[in-house]
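Trainee: Once you've had a glance at the structure underneath, I'll fire off some questions.
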Amino acid sequence: MQHATPMVFVVDDDISVSESLEAPIRCEGWEPEAFASAQEFLTRPRVVTPSCLILDVDLPDLNGLDLQKCIASDRKNMPIMFITGHGDVPMTVRAMKAGAVEFLMKPLNDEALLSAVRHSIERSTVALRRETETGTLRDCYASLTPREKEVLVVFLDFRTNRSALSWV
């Protein structure tokens, strides 16, 4: 992983909210980075480190739910937590169905927020590890000769069939 310290991205147009989150995030040993808009966040290059996104629903340019949709396929290893001052059940359901890990109401309870961030960082760490392992396996497979690939397919097919017959 390129960056050792987990990062917590905060996208909220209310600067007082972003600033109030900085101290507790830093106290946990994570690195906060705040953005005032979704567009500003989108210009930030993707990081390859455990991270999560604390995202306000109501943003001036692109709302939080739309930002979630924009980054869903590109940043699968970055769990998203929504925060809002006035949410409703349909909004919460939409966010959670799209993969959000938490939906918190403002004013934020520091302990609930930090617990959610802790859980999200753990999820991100696991996802990044899987991505790395998958990349390593793909590189290994790509380095095989055509004949080695044929043998591998036969070997894997044999193992699958053998385990399928193990109950007999």
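Trainee: Filter the range 40-64 down to residues that are free of Cβ contacts under 8 Å to residues at least 60 places away in the same chain and under 14 Å from residue 12 (Cβ atoms), then give me how many there are. Quick ask: steps written out before the conclusion?
Mentor: Here is the first cut: in the range 40-64, the ones free of Cβ contacts under 8 Å to residues at least 60 places away in the same chain are 40-47, 53, 55-64.
Retained after the next criterion (residues that are under 14 Å from residue 12 (Cβ atoms)): 40-41, 53, 55-64.
Residues in the range 40-64 being free of Cβ contacts under 8 Å to residues at least 60 places away in the same chain and under 14 Å from residue 12 (Cβ atoms): 13 in total.
Trainee: State whether one or more residues within the range 22-36 are in a loop (DSSP other than H, G, I, E, B) and over 15 Å from residue 118 (Cα atoms). Full working, then the answer.
Mentor: We begin by selecting, within the range 22-36, every residue in a loop (DSSP other than H, G, I, E, B); these are 28-30, 36.
Pick out the ones that are also over 15 Å from residue 118 (Cα atoms) and you get 36.
Yes - at least one qualifying residue is present in the range 22-36.
Trainee: Scan the range 46-60 and give yes if some residue there is part of a helix (DSSP H, G or I) and of a type outside the set (D, E, K, R), otherwise no. So that I can check it myself, show each step before the final result.
Mentor: So the first thing to find is which residues in the range 46-60 are part of a helix (DSSP H, G or I), and the list is none.
Checked the range 46-60: no residue is part of a helix (DSSP H, G or I) and of a type outside the set (D, E, K, R).
Trainee: Name the single residue that is farthest from residue 75 (Cα to Cα) among those in the range 131-148 being under 22 Å from the mean Cα position of the chain (by Cα) and of a type in the set (Ser, Thr, Tyr).
Mentor: Step by step, filter the range 131-148, then rank; the result is 136.
Trainee: Could you grab me the full set of residues in the range 112-144 that are farther than 30 Å from residue 24 by Cβ and in contact with a Lys or Arg (Cβ under 9 Å, 6 or more places away or on another chain)?
Mentor: 141
Trainee: May I ask you to list pairs of residues, at least six apart or on different chains, whose Cβ atoms are under 6 Å apart, with the first in the range 12-33 being at negative phi and among the aliphatic types (A, V, I, L, M) and the second being modelled with pLDDT of 95 or more and surrounded by 15 or more Cβ atoms within 10 Å (Cβ to Cβ)?
Mentor: Taking only residues 6 or more apart or on different chains, the pairs are 21/10; 25/8; 25/32.
Trainee: Only one residue in 127, 95, 100 is outside any helix (DSSP H, G or I), touching a residue at least 12 places away in the same chain (Cβ under 8 Å) and either surrounded by 14 or more Cβ atoms within 10 Å (Cβ to Cβ) or on the phi > 0 side of the Ramachandran plot (or both), so which one is that? Let's see the steps before the verdict.
Mentor: Working: 127 fails: outside any helix (DSSP H, G or I); 95 fails: outside any helix (DSSP H, G or I).
Selected residue: 100, the only one of 127, 95, 100 that is outside any helix (DSSP H, G or I), touching a residue at least 12 places away in the same chain (Cβ under 8 Å) and either surrounded by 14 or more Cβ atoms within 10 Å (Cβ to Cβ) or on the phi > 0 side of the Ramachandran plot (or both).
The values are calculated or read from the model by the stated rules, or taken from the named source; none is laboratory data. As the structure is a computational prediction, the values presented were derived from the model and not from experiment. All Cβ positions, glycine included, derive from the backbone under ideal geometry; neighbour counts span all protein chains shown.
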